Amino acid sequence: MYSDSVCFADQATQHRVPVVFNNQIAENTFRLRFECPEIAQGATPGQFLMLRLANCDEPLIGRPSAMYETEVDRHGHPTFVDVVYVVGGKLTSRLCKFTAGQ
């Protein structure tokens, strides 16, 4: 029935990305910026990302996070993706400890 329709899961990609910053902006709330031109250039309003931590199997399944903003590099090319998250579970309690370059 859906064989001719576009399946977004077939277009999913996986990227290992460096953290640019991970700043606390309110109580238990952080703004994470990572570098990934492939995602930043193709971003659309309302898009979600599935976040997983590299070299970590707990939690095993990625967690959905809404893109907060994309930013351009010094040449004007979309390069950076920002996510705002609240610390409350296994992934975010580990993620809040990540620093630039990780």
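The values are calculated or read from the model by the stated rules, or taken from the named source; none is laboratory data. Just so you know, these numbers come straight off a predicted model, no measurement behind them. When we count neighbours, we look across all protein chains shown, and the Cβ atoms used for this are built from the backbone with ideal geometry, even at glycine.
The residues of segment 51-85 that are part of a strand (DSSP E or B), out of contact with any Pro (no Cβ under 9 Å at 6 or more places or on another chain), of a type outside the set (Asp, Glu) and closer than 17 Å to His15 by Cβ, listed by number, are Arg63, Pro64, Ser65, Val81, Val83.
Count of segment 49-71 residues, restricted to those that are surrounded by 11 or more Cβ atoms within 10 Å (Cβ to Cβ) and either touching a residue at least 40 places away in the same chain (Cβ under 8 Å) or within 10 Å of the chain's Cα centre (by Cα) (or both), is 10. Here Ala26 clears all of (1) touching a strand residue (DSSP E or B) at 6+ places or on another chain (Cβ under 6 Å); (2) of a type in the set (A, V, I, L, M, F, W, C); (3) at pLDDT 90 or above except the condition numbered (1). Annotation note: of Cys96, Cys36, the sole residue that is touching a residue at least 40 places away in the same chain (Cβ under 8 Å) and in contact with a His (Cβ under 6 Å, 6 or more places away or on another chain) is Cys36. In the set Ile39, Ile25, only one residue is part of a helix (DSSP H, G or I) and either of a type in the set (Val, Ile, Thr) or on the phi > 0 side of the Ramachandran plot (or both); that residue is Ile39.
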